[in-house]
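See below for the structure under consideration.
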Amino acid sequence: SSGINAEWPLRPGNLDEMVTGCYVTAAVLISFGAFIGFTTPSQIVLVCIIEPLMMLINEHIVLDYIHVKDAGGSLVVHCFGAYFGIAVVIGMGVKAKDLPDAHRVTTYFSDMGAMIGTIVLWMFWPSFNGAGFYNDVTLQGRILMNTYLAICASCATAFATSSLLNKGKFQMLEIQNATLAGGVIIGMICPFGIEPWTAVLIGGVGGVISCSGYALYHPFLERLGITDSAAVQMLHGIPGWIGAIFAAFACLADNHNYLYSYNTQWGTTADMPRSKGEQFGYIILAIVCTLGVSIVSGIITGVVMNQPCCPRVHKKDMLVDHDCWVIHDEGHDPRLKNYDTNVVLANPGIPVREMEAKA
């Protein structure tokens with residue numbers, strides 16, 4: 001009875017840990033975009049166990065050992081999540097050439113529905129970048145302003161670039177994603193005391209790079225055998241490490257060794273301030289560390305997910321939801337293109353494979 005009546009120590013809520021939990025969740029969701037449609041629910045659960053641990057290990061190394069600040073998570077959240085997800089796909093051995101073309105077709109209505117998510121993220125991004133500075137209203141205001149300027153610029157350049165690359169028309173996939181690239185690329189540098197035109201320039205570059213990546217670089221990678229289901233590298237991966245490079249050059253150009261405000265430095269080791277050249281090198285080291293940890297741990301995770309203990313999705317069933325979700329309109333299953341819709345709806349309890357076997 002003493003055990004039942006004992007008082008358990010309660011740990012007070014910590015806002016910093018809640019924000020960290022939000023960032024960890026974001027990294028996992030970003031990774032999910034790389035292998036969405038290739039995995040079973042049990043495999044996804046395995047990723048949700050392994051990736052947060054690896055993400056926090058990398059974040060601890062970057063922030064506490066390399067002493068590089070990353071306010072908006074350009075590197076430790078976006079870049080890590082994107083390349084971890086792509087590495088998982090590599091470890092699983094999934095290649096674009098193995099995916100049926102019919103499974104990769106989207107509809108106008110699904111694309112329009114996805115735009116709702118883009119709008120929500122667009123509004124949410126400034127608060128995401130500034131979430132860790134709830135105790136400094138002045139600095140948080142600077143972060144919000146820089147992020148808004150950057151994401152507005154990426155929105156404009158994304159539309160312009162998409163129109164240029166598609167002969168005067170807009171491509172929905174590019175618009176859904178590249179319009180948000182400014183929020184990613186400005187993440188590490190958003191607390192810096194930069195001029196407004198600098199934030200606009202960085203965000204504009206992010207929109208151009210992301211949109212061009214979707215139109216040109218992503219198809220090239222698929223021809224090389226690198227599969228990225230939602231092309232997260234173009235929105236999170238590449239803008240993430242390019243944003244870190246922008247921050248490195250900002251440190252290199254600053255003559256005062258200022259990071260957040262007049263009395264806060266980029267980072268200190270044993271109370272010894274670093275020179276601007278040293279901090280430039282440490283940011284590059286943080287990029288290398290993040291890419292290394294994410295890719296190596298992602299490949300290992302993908303290999304583990306492919307073991308017999310984990311239910312797997314057959315290649316001919318990838319990018320199809322009908323085996324895991326109740327889909328009322330079974331006639332839209334691309335694997336049943338030779339079947340009439342009425343035949344499918346007349347047999348709602350018979351799995352696809354059984355119908356094919358009976359046929």
| query | Taking the stretch 22-41 only, how many residues are assigned to a helix (DSSP H, G or I) and either open to solvent by 30 Å² or more (accessible area, probe 1.4 Å) or of a type in the set (S, T, N, Q) (or both)? | reply | 6
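Conditions tested, residue by residue: (1) over 20 Å from the mean Cα position of the chain (by Cα); (2) at pLDDT below 90; (3) exposed (fewer than 12 other Cβ atoms within 10 Å of the Cβ).
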residue	(1), (2), (3)
HIS67	yes, yes, no
VAL76	no, no, no
CYS79	no, no, no
PHE84	no, no, no
VAL94	no, yes, no
ASP98	yes, yes, no
THR107	yes, yes, yes
SER110	yes, yes, yes
GLY113	no, yes, yes
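Listed here are the residues, each with its yes/no results for (1) open to solvent by 10 Å² or more (accessible area, probe 1.4 Å); (2) under 23 Å from VAL88 (Cβ atoms); (3) among the acidic types (Asp, Glu).
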position: GLY206; (1), (2), (3): no, no, no
position: TYR214; (1), (2), (3): yes, yes, no
position: ARG223; (1), (2), (3): yes, yes, no
position: THR227; (1), (2), (3): no, yes, no
position: MET234; (1), (2), (3): no, yes, no
position: ALA244; (1), (2), (3): no, yes, no
| Residue selected from the stretch 42-89 under the condition outside any helix (DSSP H, G or I) and in contact with an Asp or Glu (Cβ under 9 Å, 6 or more places away or on another chain), by the criterion farthest from VAL296 (Cα to Cα) | ASP70
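Per-residue answers, yes or no, for (1) free of Cβ contacts under 8 Å to residues at least 12 places away in the same chain; (2) of a type in the set (Gly, Ala, Ser); (3) part of a helix (DSSP H, G or I); (4) open to solvent by 40 Å² or more (accessible area, probe 1.4 Å):
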{"site": "THR138", "(1), (2), (3), (4)": "no, no, yes, yes"}
{"site": "ILE143", "(1), (2), (3), (4)": "no, no, yes, no"}
{"site": "LEU149", "(1), (2), (3), (4)": "no, no, yes, yes"}
{"site": "CYS152", "(1), (2), (3), (4)": "no, no, yes, yes"}
{"site": "ALA158", "(1), (2), (3), (4)": "no, yes, yes, no"}
{"site": "SER162", "(1), (2), (3), (4)": "no, yes, yes, no"}
{"site": "PHE170", "(1), (2), (3), (4)": "yes, no, no, yes"}
{"site": "MET188", "(1), (2), (3), (4)": "no, no, no, no"}
| task | Would you mind stating whether THR157 is touching a Gly at 6+ places or on another chain (Cβ under 7 Å) and either farther than 30 Å from TYR134 by Cα or of a type in the set (Phe, Trp, Tyr) (or both)? | result | yes
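The values are calculated or read from the model by the stated rules, or taken from the named source; none is laboratory data. It should be emphasised that the depicted structure is a prediction, and the values quoted were computed from it without experimental measurement. Using ideal geometry, Cβ is built from the backbone for each residue, glycine included, and neighbour counts are taken over all protein chains shown. When the accessible area is computed, the model is the full protein with side chains, heavy atoms only, and any ligands, DNA or RNA have been set aside. Shrake-Rupley method; radii C 1.70, N 1.55, O 1.52, S 1.80 Å.
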